[in-house]
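Before any comments, here is the structure.
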Amino acid sequence: MAKSRQAAPAGAPSVEMLDTREVAAYLRLKERRIYDLVRRQAIPHVRATGKLLFPRERIDAWLASKSEGDDARPTPAQGRAPPPSIIAGSHDPLLEWAARESGCGLAILACGSRAGIARLAAGEATAAAIHWRDSTGDGYNGELIRATFGPGEHDVVALEWAQRRQGLLLPRGNPRRVRGIVDVARRKLRVVARQPGAGSHRLLEQLLAADALAPDGLRWMPGPVHAETEVAAAIAEGRADAGVGIEAAARERGLEFIPLATERLDLVCRRRDAFEPPLQALLAFGRGKSLAATARSLGGYDIAGLGRVSVNL
């Protein structure tokens, strides 16, 4: 099998590089499996002028680090470029405050649970904050994590950040005397829309289905919003009559709140990144008195399980 070589400085040993076809033959895997490992950042590789190349020495070291018969299971790749210092996914006021106050260096990108975990899988975030209710309604996040990374993934962990009360946000005094989702639908109240990949939107869809109601039957406010605080702002400013969000957002704006569910917000990350300074600093801060006091002040949080492993692939 012919081998590719990368030019090296004079006097330096050349670096033997394999292309995709060559590394597939070397590992006795199909090429599509190699592309899958690359997509998951689970095999050492570099890109040069748009072409995938695999350093032979690093491939050998990667193989040596794996147990016999485990060659098809993606693990954290040696030499994997560190992901951006971002927590992508669901917006959470307590997490946003903690990331800032802890000095962990992690920025918050509020884009919804599904978009957040997709960014994590693509290597575009250090962690994803998600609260995705399972299809059975009995748990959170496990289904979405497994669907994103597949059965062969073994380097992903979900750490509990908080349990949050989620429910209907309504104008102060609840002038329309709303008691639940059915009232919102039947009275044609203006509802704040969240993006389809948001955990709050998924909860609303499931609750509507339980009452044999269709999302199309709601009177949606034009354009989705991407943060809990934006849901509360739309209602407080009279642009909408109802929305699904967390209790903390309702309390901040002085809104009425009708509980619908208690959810678990997890931080999902690569296992190696869980032990790196940024996430360790955030979790250490989370165990302190100032975060506990802020959680009580915001309302609707239970942080007793903060840092607990909830999913381990």
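Ordered by residue, what ³J(HN,Hα) values in Hz, to whole numbers, does segment 156-161 give under the Karplus form 6.51 cos²θ - 1.76 cosθ + 1.60, where θ = phi - 60° and Gly and Pro are x?
Working through the residues one at a time gives 10, 9, 10, 10, 5, 9 Hz.
Round to the nearest 0.05 the FRET efficiency obtained for Arg239 and Phe285 when R0 = 25 Å and r is the Cβ-Cβ distance.
On the way: r = 35 Å, r/R0 = 1.41.
Once rounded, the FRET efficiency stands at 0.10.
Relative contact order for the chain: what percent, with Cα pairs under 8 Å and sequence separation of 6 or more?
20 percent
Arrange Val46, Val23 by Cβ neighbour counts within 10 Å, fewest through most, would you?
On the way: Val46 15, Val23 24.
The order, fewest Cβ neighbours first, is Val46, Val23.
Summing -39500 (n - 2.57) over the DSSP H runs of n ≥ 4 in the chain and dividing by its residue number, what mean residue ellipticity at 222 nm do you reach, to the nearest 500 deg cm²/dmol?
Working: 13 runs with 111 residues, N = 313.
Value at 222 nm, helices only, nearest 500: -10000 deg cm²/dmol.
Using unit Cβ charges (K, R positive; D, E negative) and no other charged atoms, how large, in debye to the nearest 20, is the dipole of segment 87-229 about its Cα centre?
Numbers: 18 positive and 15 negative charges, 215 e Å.
Around 1040 debye, computed over segment 87-229.
Given points 7 Å out from each Cα along the Cα-Cβ axis, report the Tyr35 to Ala81 separation in nanometres with one decimal.
A separation of 2.0 nm, rounded to one decimal place.
Might you report the magnitude of the Cβ-based charge dipole of segment 166-262 about its Cα centre, with Lys and Arg at +1 and Asp and Glu at -1, to the nearest 20 debye?
Working: 14 positive and 11 negative charges, 73 e Å.
The dipole of segment 166-262 has a size of about 360 debye.
Quick one: length gained pulling Arg219 to Ala147 fully straight, 0.36 nm per residue minus the C-alpha distance?
Details: separation 72, 0.36 × 72 = 25.92 nm, distance 3.15 nm.
Gain on extension, Arg219 to Ala147, equals 22.8 nm.
Mind checking which of Pro171, Gly123, Leu298 is farthest towards the positive end of the chain's charge dipole, using Cβ charges of +1 (Lys, Arg) and -1 (Asp, Glu) about the Cα centre?
Pro171
Let me know the Kirkwood hydrodynamic radius for segment 166-262, please, with Cα pairs as the basis and the value in Å to one decimal.
Values: mean 1/r = 0.0776 Å⁻¹.
For segment 166-262, inverting the mean 1/r across all distinct Cα pairs yields 12.9 Å.
At what distance in nm do the modelled label points of Glu276 and Lys51 sit from each other, each positioned 7 Å from its Cα along Cα→Cβ?
2.9 nm
Counting other C-beta atoms within 10 Å, which of His226, His45, His91 has the fewest, and how do the rest follow? Numbers along the way, then the final one.
Working: His226 17, His45 22, His91 25.
The order, fewest Cβ neighbours first, is His226, His45, His91.
Please order Tyr140, Tyr26, Tyr35 by the number of other Cβ within 10 Å, starting at the fewest. Can you show the working numbers first?
Details: Tyr140 26, Tyr26 17, Tyr35 14.
With the sparsest Cβ surroundings first, the list reads Tyr35, Tyr26, Tyr140.
List every residue whose amide H lies under 5 Å from the amide H of Gly243, counting only residues 5 or more places away in sequence or on a different chain, with H placed 1.01 Å from N in the peptide plane.
Sorted by chain and number, the residues that satisfy this are Leu169, Val192.
Once Rg/Rh (Cα atoms, Kirkwood Rh) is worked out from the coordinates, which option in (1) 0.95; (2) 0.99; (3) 1.08 does it equal?
Recomputing Rg/Rh (Cα atoms, Kirkwood Rh) here gives the entry labelled (3).
Sum up the charges of everything whose Cβ sits under 9 Å from the Cβ of Ala127, counting Lys and Arg as +1 and Asp and Glu as -1, but leave Ala127 out. Each step should come with its number before you reach the end.
Values: positive: Arg270; negative: Asp273.
Overall, the nearby charge balance is 0.
Under a point spin-label approximation (7 Å from Cα along Cα-to-Cβ), what is the Ala25-Gln206 distance to one decimal in nm?
Label-label distance for Ala25 and Gln206, simple model: 5.0 nm.
From largest to smallest, what semi-axes in whole angstrom does segment 140-219 give when each is the square root of 5 times an eigenvalue of its alpha carbon gyration tensor? Display every interim value, and only then the final one.
Values: eigenvalues 205, 46, 19 Å².
Over the Cα atoms of segment 140-219, the ellipsoid semi-axes are 32, 15, 10 Å.
How big is the antiparallel share of DSSP beta bridges in the chain, given as a percent to the nearest 5? Walk me through the numbers before you get to the answer.
Working: 36 of 47 bridges.
Expressed as a percentage, antiparallel bridges in the chain total about 75.
If you put +1 on each Lys and Arg Cβ and -1 on each Asp and Glu Cβ, how big is the dipole of the chain around its Cα centre, in Debye rounded to 20? Can you show the working numbers first?
Numbers: 45 positive and 36 negative charges, 87 e Å.
Using only the charged Cβ atoms, the result is roughly 420 debye.
With an 8 Å Cα cut-off and a minimum separation of 6 or more residues, compute the relative contact order for segment 213-290 in percent.
Values: 30 pairs, mean separation 13.6, N = 78.
Contact order relative to length: 17 percent.
Each reported figure results from applying straightforward, stated rules to the coordinates on display, with no laboratory input. Model, not experiment: these values are computed from the prediction. Don't worry about glycine lacking a Cβ; one is built from the backbone with ideal geometry, like all the others, and counts go over all protein chains shown.
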